[in-house]
Each structure stands twice: as structure tokens, then as C-alpha cells.
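Read the structure below first, then the notes.
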Amino acid sequence: METMKYTFNVEKDDFVRAGEASSNIKKILRQLGIDPGLIRRLSIASYEAEINIVIHSHGGQMELELAPDFVRIVASDKGPGIENIELAMQEGYSTATEKIREMGFGAGMGLPNMKKCTDEFKVESVYGKGTTITMEISLKAGD
């Protein structure tokens, strides 16, 4: 398989379409015959990243990259960035508003769940500018 890339736009506060990019990623992985266990992990990670863009940013995009030996998802957004990444990685820590929590989001498990579901996980953020999350799962046997 040659390397393929797909890009999905994610809008701020668009709870009607929230999860659409993750669903499309899941469909693509299924069509390519990726292991169902890996699809499940990637689906959880991509959904968490997508919801974070909807809730916390001014919009962004998700990119799916499929290579012969890995699947990479890069979620990038425009502002406001993460002030303290170490704190944001703690389970239960959230900056979500009360309104967002009432909708059932903002439990503070997004980043920890992304990390748990992927083989490689990296958060890069510039406070006031934006955040990029890179998540990767190996497709090589034995990894």
C-alpha cells in the first residue's frame, strides 16, 4: 500500500457534525481491512481529538495518513492553545465550561484517552496560537 492522506475540517462549536471526521476515518480504515482492534483504538483517539477541536479551539482539521507500516492522525487547531500540557494530561483535568459539561463533554479524559489508545502520542501547543496532536499506531506485526 502506498502512503495515502485524507484531510477533514472540524468547526468550532459544531456539535451537530462533531464525530463526522472520526466516522469517516473509521470507514476508510475498515475499507482498507485494518485490524478491528486497531480501528477501535484509532476511533477512540480520533473522536477525542475531534471533540477537543470542537469544544476548545477556534476550529481546525484532522489529517489521516496511512502508510504500509503505520496509521497517523494529526489533529491541529487554531487557538487558544494549551497553557499547561502536563496539567492537561492529568485524568479529570478540564477547562470545559459548565454548558459543555451539561452536554456530556469536558470530563477531562480526552488527552489521556488519546495517549492510552496510541503507540506514539505527541502534543505541541503554543498558548494563544493553537495545538497539534500527533497520534500513531504501528501496523507492523510484533510492535
Over segment 96-113, the set of residues under 19 Å from D14 (Cα atoms) and either among the basic types (K, R) or touching a helix residue (DSSP H, G or I) at 6+ places or on another chain (Cβ under 7 Å) (or both) is A96, K99, I100, R101, F105, G106, G110
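Can you tell me which of R101, R17 is closer than 21 Å to T131 by Cβ, at pLDDT below 95 and over 14 Å from the mean Cα position of the chain (by Cα)?
Working: R17 fails: at pLDDT below 95.
Answer to the selection: R101.
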Of the listed residues (A45, A96), the one being at pLDDT 95 or above and either more than 15 Å from the chain's Cα centre (by Cα) or within 18 Å of M135 (Cβ to Cβ) (or both) is A45
* Asked: Given the structure, is N24 more than 20 Å from G106 (Cβ to Cβ), part of a strand (DSSP E or B), in contact (Cβ under 8 Å) with a residue 12 or more places away in the chain and not small (G, A, S)?
  -> no
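Just to be sure, is G108 over 25 Å from E2 (Cβ atoms), without any contact (Cβ under 8 Å) to a residue 12 or more places away in the chain and of a type outside the set (K, R)? It would help to see each step written out before you state the result.
Details: over 25 Å from E2 (Cβ atoms): yes; without any contact (Cβ under 8 Å) to a residue 12 or more places away in the chain: no; of a type outside the set (K, R): yes.
No, not satisfied.
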Of all helices (runs of 4 or more DSSP H) fully inside segment 30-143, the set with 1 or more residues that are loosely packed, with under 14 Cβ neighbours inside 10 Å and either among the acidic types (D, E) or in contact with a Pro (Cβ under 8 Å, 6 or more places away or on another chain) (or both) is 85-88, 98-102
Next on the checklist: Based on this model, can you work out whether S76 counts as of a type outside the set (A, V, I, L, M, F, W, C), in contact with a Lys or Arg (Cβ under 6 Å, 6 or more places away or on another chain) and modelled with pLDDT of 95 or more?
Outcome noted: no
Within segment 13-49, residues being closer than 24 Å to I85 by Cα, touching an Asp or Glu at 6+ places or on another chain (Cβ under 8 Å) and not hydrophobic (A, V, I, L, M, F, W, C) number 2
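The values are calculated or read from the model by the stated rules, or taken from the named source; none is laboratory data. Keep in mind that this is a model prediction, so the values were computed, not measured. A quick note on method: Cβ atoms are made from the backbone with ideal geometry, for glycine too, and the neighbour counts reach across all protein chains shown.
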